[in-house]
1. Could you look at the range 286-334 and say what percent of its accessible area is carbon and sulfur, using a 1.4 Å probe and all protein chains?
2. Please calculate how many Å² of accessible area the range 178-267 carries per residue, with a 1.4 Å probe and no DNA, RNA or ligand atoms counted.
3. Can you compute 3J(HN,Hα) from phi for each residue in the range 83-90, using the Karplus curve 6.51 cos²θ - 1.76 cosθ + 1.60 with θ = phi - 60°, rounded to whole Hz and x for Gly and Pro?
4. Taking all protein chains in place and a 1.4 Å probe, what share, in percent, of the accessible surface of the range 85-136 do carbon and sulfur account for?
5. Within the range 88-120, which residues have the backbone N less than 13 Å from the label spot 7 Å out from LEU317 along Cα→beta-carbon, could you tell me?
6. Quick one: check the C-alpha center-to-center distance for the range 88-127 versus the range 222-244, whole angstrom.
7. Can you return the lysines within cross-link range of LYS116? Criterion is Cα-Cα under 22 Å, with same-chain partners fewer than 8 residues away left out.
8. Using 0.36 nm times the number of residues separating ARG201 and VAL295, minus their current alpha carbon distance, what extension gain do you get?
Amino acid sequence: MPEPAAATIDDRPDGLFFKGMFAAAYALLIIASIRFVRDDIALLDNINIARIALVALSSALWIGRSTIDRSLPLSVVTIGMVLSPYLLTEAIVSYVDIISLLIFSAAIAKSRDPEKFFIYTAYASLALVALIALLATVGVLPSTSFEWNGRVKESFGFTNPNTFFFYIFSSAFVFFIYRQSRGLIICGIFIAVMYLSVGSRTFALAYVFIATGYYFSNRINGGMTRFGLLSAIVGVTLTGIVTIYFPRAFSDWTLSVIGIDSDELFSSRLSLMEFELSYSTLNNAEFWLGGLKNVSDSMYAYFVNGFGLLLSVIFLLAMFSRTINLSMRYGSAPLVFVLTFLMIGIVEVPFDGSALMSLLFIYALFYDQGAFFRWSNATRSNLPPMANAR
């Protein structure tokens with residue numbers, strides 16, 4: 001008599017709990033980005049405390065339950081142990097962000113229909129952001145206009161115009177990986193209409209790139225194309241690292257060699273890094289192990305400040321290895337997926353523990369190859385066991 005199939009997390013009473021925890025944390029993150037909340041420091045602190053409490057509660061329940069049935073992935077335990085000393089440093093926010101990604105990713109990877117969860121969350125996020133923008137447009141929520149180099153950018157109720165675009169693009173990121181053309185088109189309409197008044201170039205260009213990868217997927221799977229995308233991933237990563245260690249030198253180099261002032265292109269972020277960061281003054285422990293506050297709009301600075309060069313390099317090597325493995329199985333889709341995330345990371349910090357984009361990035365890259373299933377001609381029987389257990 002065949003043994004019954006192993007129960008997934010959704011077959012237990014706490015099945016919806018972990019998905020609900022992340023959905024609540026993501027909603028709080030969006031609310032914390034509204035301008036009037038940022039103006040009320042006490043309210044903002046309470047929202048952030050609630051977010052951290054959600055992570056702590058879900059972590060405690062996940063670890064406690066998984067200790068009994070021994071289903072907690074070894075990678076989560078190992079990385080958690082490696083990161084635990086950072087609870088004693090100034091990088092506690094970075095630590096909470098990363099550990100929450102691991103916890104939520106591990107939980108969702110063992111649940112039924114994670115694809116539906118991500119898609120529903122993406123649509124719900126679009127609805128909430130649209131509601132906030134509407135309330136700001138009619139004057140219910142306060143909003144701010146920014147002028148930069150002659151361009152006027154409207155924040156639509158958020159603290160920054162880029163924040164508004166971040167949530168829209170996070171949904172587009174989900175629709176891209178799960179090949180949801182309807183959702184991707186809706187995001188495109190949002191971005192096209194709002195770009196005229198918001199003017200956030202980062203996410204507008206990223207959307208064009210990811211939409212092109214989506215609609216021309218059958219033509220970008222050749223070996224040379226994959227090699228080009230992989231080379232671009234390495235190039236973008238090196239650029240991100242150079243911009244934080246040598247911001248002024250990088251800006252001067254691009255101006256003299258290719259005639260582009262990268263500091264102006266990155267909206268003076270390199271000048272900001274030059275002013276706020278001085279890695280030459282760090283001692284060996286700070287340089288290699290981090291423990292500093294993140295002070296700049298860069299995912300690379302976020303990692304180096306929080307965890308130091310050592311763990312940052314280890315993470316990048318693990319990401320490169322995984323990306324190559326996935327590209328050999330599923331073609332160019334994982335490469336476009338990773339490259340888009342890394343490009344945005346040069347001028348933004350998408351690695352928030354309760355952000356949809358970063359959760360999907362960790363989940364699809366390290367937990368579930370089946371997320372790329374629709375991009376390949378592989379049969380379901382050729383997928384790894386985790387992808388088949390749906």
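1. 69 percent
2. Value for the range 178-267: 54 Å² per residue.
3. Rounded to whole hertz, the list is 7, 3, x, 6, 5, 9, 10, 6.
4. Using a 1.4 Å probe with all protein chains present, the range 85-136 comes out at 72 percent carbon and sulfur.
5. Counting only backbone N, you get no residues.
6. 26 Å
7. Counting by Cα, and skipping residues close in sequence, LYS116 has these lysines nearby: LYS19.
8. Full extension from ARG201 to VAL295 adds 31.7 nm.
The values are calculated or read from the model by the stated rules, or taken from the named source; none is laboratory data. No experiment lies behind these values; they were computed from the predicted model shown. Please note: Cβ atoms are built from the backbone with ideal geometry, for glycine as well, and neighbour counts cover all protein chains shown. Note: accessible area is taken over every heavy atom of the protein model, side chains too, but ligands, DNA and RNA are not part of it. Shrake-Rupley method; radii C 1.70, N 1.55, O 1.52, S 1.80 Å.
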